[in-house]
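Notes follow once the structure below has been shown.
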Amino acid sequence: MTQSSHPDPEIFALLQDLWLRHLPATRERIDLIENAVNIAIAGALDESKRAEAQAVAHKLSGNLGMFGYKEAGEIAGEIEHLFKTFVPAAIPELTRYTQRLRSLLAAHL
């Protein structure tokens with residue numbers, strides 16, 4: 001979170017506190033997505049894992065956008081879409097998006 005995206009210091013402080021409380025869940029969600037991508041690479045992505053990854057990406061998309069991480073939120077939305085319409089040919093794109101998501105948030109996780 002950056003101060004410039006929330007000019008009111010009180011609101012920024014509240015959002016910063018909320019972000020810090022959500023960090024463990026955010027880390028877990030990114031880890032789950034990465035795990036699902038790795039399972040897909042191995043050719044073993046079942047419907048349950050696909051649906052879970054899609055739902056987690058959806059949650060991340062909304063949460064990241066709310067906290068001012070617009071690009072990361074958009075990437076999570078792309079990941080959600082790729083899991084929703086999953087085909088094995090999408091694995092390279094899923095891999096790139098997942099790596100980009102981790103990279104964008106690395107300094108904040």
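The values are calculated or read from the model by the stated rules, or taken from the named source; none is laboratory data. These figures come from a predicted structure and were not determined experimentally. All Cβ positions, glycine included, derive from the backbone under ideal geometry; neighbour counts span all protein chains shown.
Taking the stated definitions as given, is GLY62 among the small types (Gly, Ala, Ser), free of Cβ contacts under 8 Å to residues at least 12 places away in the same chain and in a helix (DSSP H, G or I)? Step through it out loud before you land on a result.
Values: among the small types (Gly, Ala, Ser): yes; free of Cβ contacts under 8 Å to residues at least 12 places away in the same chain: yes; in a helix (DSSP H, G or I): yes.
In short, yes.
How many residues does segment 22-58 hold that are under 11 Å from the mean Cα position of the chain (by Cα) and either surrounded by 15 or more Cβ atoms within 10 Å (Cβ to Cβ) or closer than 16 Å to PRO88 by Cα (or both)?
Taking segment 22-58 as the starting set, the residues that turn out to be under 11 Å from the mean Cα position of the chain (by Cα) are 25-34, 53-58.
This time we only want the ones that are either surrounded by 15 or more Cβ atoms within 10 Å (Cβ to Cβ) or closer than 16 Å to PRO88 by Cα (or both), so: 26, 29-30, 32-34, 53-58.
Here the count works out to 12.
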Selection from segment 86-101 of residues that are surrounded by 15 or more Cβ atoms within 10 Å (Cβ to Cβ) and more than 18 Å from HIS58 (Cβ to Cβ): ILE91, THR95
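Considering segment 65-109 alone, what residues qualify as being in contact (Cβ under 8 Å) with a residue 60 or more places away in the chain and over 25 Å from ILE11 (Cβ atoms)?
If the condition is that a residue be in contact (Cβ under 8 Å) with a residue 60 or more places away in the chain and over 25 Å from ILE11 (Cβ atoms), then THR98, LEU101, ARG102 are the ones that fit.
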Per-region count, segment 24-51, residues in a helix (DSSP H, G or I) and farther than 15 Å from THR98 by Cα: 6
Number of the exception - GLU80 against (1) surrounded by fewer than 19 Cβ atoms within 10 Å (Cβ to Cβ); (2) at pLDDT 95 or above: (1)
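Just to be sure, is ARG21 within 17 Å of LEU105 (Cα to Cα) and either touching a Pro at 6+ places or on another chain (Cβ under 8 Å) or in a helix (DSSP H, G or I) (or both)? Break it down stepwise before answering.
Working: within 17 Å of LEU105 (Cα to Cα): yes; either touching a Pro at 6+ places or on another chain (Cβ under 8 Å) or in a helix (DSSP H, G or I) (or both): yes.
Considered against the rule, which asks whether it is within 17 Å of LEU105 (Cα to Cα) and either touching a Pro at 6+ places or on another chain (Cβ under 8 Å) or in a helix (DSSP H, G or I) (or both), ARG21 comes out as yes.
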Selection count, segment 65-109, where residues are under 20 Å from ARG27 (Cβ atoms) and not in a helix (DSSP H, G or I): 4
